[in-house]
Amino acid sequence: MMTQNNVLNPAQIEHLSALRYINNIDEHMKIVSSVKVLDDADQYDNAVLLVLDIFIDDKQIDKMSFSLRNYAYEEIVELAQHIRDNDYILRAVDTALSGDIE
């Protein structure tokens, strides 16, 4: 959930920048999530991308990103760790992959 004025401190930015989570979606698909903190953030907000590398049978087939501007640190970590539990992201991945197949 987005909340207002969630400013990340330097330690949080460093931690987020180092995160990599492997999310096993099913027996063939996995999504490696990472976080990129953008340089255009100012002192009153943060600009963050959730980056997803999508693999099927260990071959990377796509890359997607989602804006998490003004999300709290805890919310960003939770999203990155639990891609499999996020219906919105899974639908977006499914839609993108369906378009790639056509």
Figure the gain on full extension for Asp62 and Asp26 (residue separation times 0.36 nm, minus the Cα-Cα span) and round it to one decimal in nm. 11.3 nm
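Quantify how much of the Cα-Cα distance distribution of the range 10-101 extends past 19 Å, in percent.
For the range 10-101, the share of Cα pairs beyond 19 Å comes to 39 percent.
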Just to confirm the number: angle between the C-alpha axis of helix 87-101 and the first principal axis of the chain, 0 to 90 degrees, nearest 10? 50 degrees
For the chain, what does -39500 (n - 2.57) per DSSP helix run (n ≥ 4), summed and divided by total residues, give at 222 nm, in deg cm²/dmol to the nearest 500? -10000 deg cm²/dmol
What residues qualify as long-range amide H neighbours of Asp62, i.e. H under 5 Å apart, gap of 5 or more or another chain, H built at 1.01 Å from N? Ile54
Length gained when the stretch Asp87-Asp39 is fully extended (0.36 nm per residue, less Cα-Cα span): 14.4 nm
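Just so you know, all these numbers are worked out from the coordinates, no wet-lab data involved. Values in this document were obtained by computation on a predicted structure and should not be read as measured data.
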